[in-house]
1. Non-local amide H neighbours of Lys85 (under 5 Å, H modeled in plane, Pro and chain starts lacking H): which ones?
2. Quick one: work out Rg over Rh on the C-alpha atoms of segment 6-91, Rh as Kirkwood radius.
3. Can you list, largest first and rounded to whole Å, the semi-axes you get for segment 1-52 by taking the square root of 5 times each eigenvalue of its Cα gyration tensor?
4. Can you work out ³J(HN,Hα) from phi for every residue in segment 111-120, in order, using Karplus 6.51 cos²θ - 1.76 cosθ + 1.60 and θ = phi - 60°, giving whole Hz and x for Gly and Pro?
5. Over the chain, what percent of the accessible surface lies on carbon and sulfur atoms, probe 1.4 Å?
6. Under unit Cβ charges (Lys, Arg +1; Asp, Glu -1), what dipole magnitude, rounded to 20 debye, does segment 10-120 have relative to its Cα centre?
7. I'd like the accessible area for Leu79, computed on protein heavy atoms only with a 1.4 Å probe and all protein chains in place. Round to 10 Å², please.
8. Within segment 1-54, report the GluC sites (Glu not before Pro) that DSSP leaves as loop and that have at most 16 other Cβ atoms within 10 Å.
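The values are calculated or read from the model by the stated rules, or taken from the named source; none is laboratory data. Since this is a predicted model, take the numbers as computed values, not measurements. Here the Cβ positions follow ideal geometry from the backbone for every residue, glycine too, while neighbour counts run over all protein chains shown. Please note that ligands, DNA and RNA were not included when accessible areas were found on the heavy atoms of the full protein model with its side chains. Shrake-Rupley method; radii C 1.70, N 1.55, O 1.52, S 1.80 Å.
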Amino acid sequence: QVQLVETGGGSVQAGGSLKLSCAASGVTRSCGMGWYRQAPGKERELVASISTDGTTTYADSVKGRFTISQDNANNTLYLQMNSLKTEDTAVYYCAGGRRNPVYYVCLNYWGQGTQVTVSS
């Protein structure tokens, strides 16, 4: 059973920081993990991802401000968010994959989400 539980969301002033955490279980490590976000009326978008070898990617809108990391010892994923902007306001979802053992296809799973609200 895949379980992804996000914590750490809240309300902050523009320019502030938040650190999100995701406790993961049942995911396939080789599928990688990441953070998505969805603002009201908008499509869910990939914010950051991290692969097995530690390679990271970021959406252009958050480069230089957000940092994704993982603690493999306790299966926890993090998203450090600095210099927050009002446009970062969204529900943030932790994502992990589970690989089909026959077809080697990774299927994405998302947690329940945690609200991040940035005010001016």
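1. Gly15
2. Details: Rg = 12.8 Å, Rh = 13.5 Å.
Ratio of gyration radius to Kirkwood radius for segment 6-91: 0.95.
3. On the way: eigenvalues 106, 40, 27 Å².
Three semi-axes, in Å: 23, 14, 12.
4. Once rounded to whole Hz, the list reads x, 7, x, 9, 7, 10, 10, 10, 9, 7.
5. Working: 3190 of 6520 Å².
Heavy-atom surface of the chain belonging to carbon and sulfur, 1.4 Å probe: 49 percent.
6. On the way: 10 positive and 7 negative charges, 24 e Å.
Magnitude of the dipole: close to 120 debye.
7. Taking all protein chains as shown, Leu79 has close to 0 Å².
8. Values: sites: Glu6, Glu43, Glu45; in loops: Glu43.
Answer by residue number: Glu43.
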